[in-house]
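One structure below.
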Amino acid sequence: MTPSIKTEKSSYHHGNLKVALVDAADAILREKGVEGFSLREAARRAGVSIGAPAHHFGSAKGLLTEVALLGYESLGSYLNAVATSDDPAKDLRDLARAYVAFAMAHPGRFRLMFRPDLVDREDPRYRQVSAKALTGFATAISRREGGGADPMADLFVVWSSIHGMANLVLDGKTPYLFGGADQVAFAQDILPRLLEQAWPFGRPA
């Protein structure tokens, strides 16, 4: 009796194959980071031919864009979980801590999301989900008393400040700057104090 041979087509429905490839790419980023990603490895983990990723996503950038979209959705979930209070400065600090927490929990996704060489920023879905993720910051900024005349400029300062902090944490700089504090110690003990001291999280505008 001739043994049955599972083909790529019989193993997956069209949608399931795409999901399997996205999951495989996401897992590679989680384990090896952006630099460890390859289409060949994604195909191997998904159990499909080397040509399958290009067939379904067009290129490595197409596949990685799907992972970046997941990243922004995850970031949005972290930020949306922050409760709104009567103090917008406190809300900004809490949002900042959630932003760093996301980066620490999902460093592969976080790094990928801001790599224009690896993701398609012209994808309408990317534009929509990336803008939506920052809604909480924009809302808190708009509620601050004595806020600046240019909300977009304020948002840029807030985002660039906390994004820089998140990258320094992932780059392992905290032990050198804060007496050997690792990522967890920094996030739990040091970051809240920094946010209290640094504009625009704690000081008056």
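Readers should treat all values here as calculations from the given coordinates under stated rules, not as data from a laboratory. Small disclaimer: the values here were computed from a predicted structure and weren't measured. Glycine also receives a Cβ, built like all others from the backbone with ideal geometry; neighbour counts cover every protein chain displayed.
Below, the figures for the structure above:
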{"quantity": "For the chain, the spread of Cα positions along each principal axis, largest first, Å", "calculated": "78, 39, 28"}
{"quantity": "Whichever aspartates and glutamates have a C-alpha closer than 14 Å to that of Lys90, once near sequence neighbours (fewer than 8 apart) are set aside", "calculated": "Glu145, Glu196"}
{"quantity": "CD proxy at 222 nm, helix term only [per DSSP H run n ≥ 4: -39500 (n - 2.57); per residue of the chain; nearest 500]", "calculated": "-19500 deg cm²/dmol"}
{"quantity": "FRET E, pair Ala138, Ile50, Förster distance 30 Å, beta-carbon r, rounded to 0.05", "calculated": "0.10"}
{"quantity": "Neighbourhood charge, 14 Å Cβ-Cβ cut-off, centred on Leu177 and excluding it, Lys, Arg +1 and Asp, Glu -1", "calculated": "-1"}
{"quantity": "Proximal aspartates and glutamates relative to Lys173, as straight alpha-carbon distance under 14 Å, when same-chain residues fewer than 8 apart are discounted", "calculated": "Asp182"}
{"quantity": "Full-stretch length increase - Asp150, Ala27 - with 0.36 nm per residue and alpha-carbon distance subtracted", "calculated": "40.3 nm"}
{"quantity": "Loop-exposed trypsin sites (Lys or Arg not before Pro) per DSSP, neighbour cap 15 Cβ within 10 angstrom, longest uninterrupted part of the chain", "calculated": "7-120"}
{"quantity": "Per-residue Cβ neighbour rank within 10 angstrom, fewest leading, Met104, Met165, Met152", "calculated": "Met152, Met104, Met165"}
{"quantity": "Net length gained if the chain between Ala81 and Trp159 were fully extended (0.36 nm per residue, minus Cα distance)", "calculated": "26.3 nm"}
{"quantity": "Tail beyond 16 Å, pair distance distribution of segment 59-144 (Cα, percent)", "calculated": "52"}
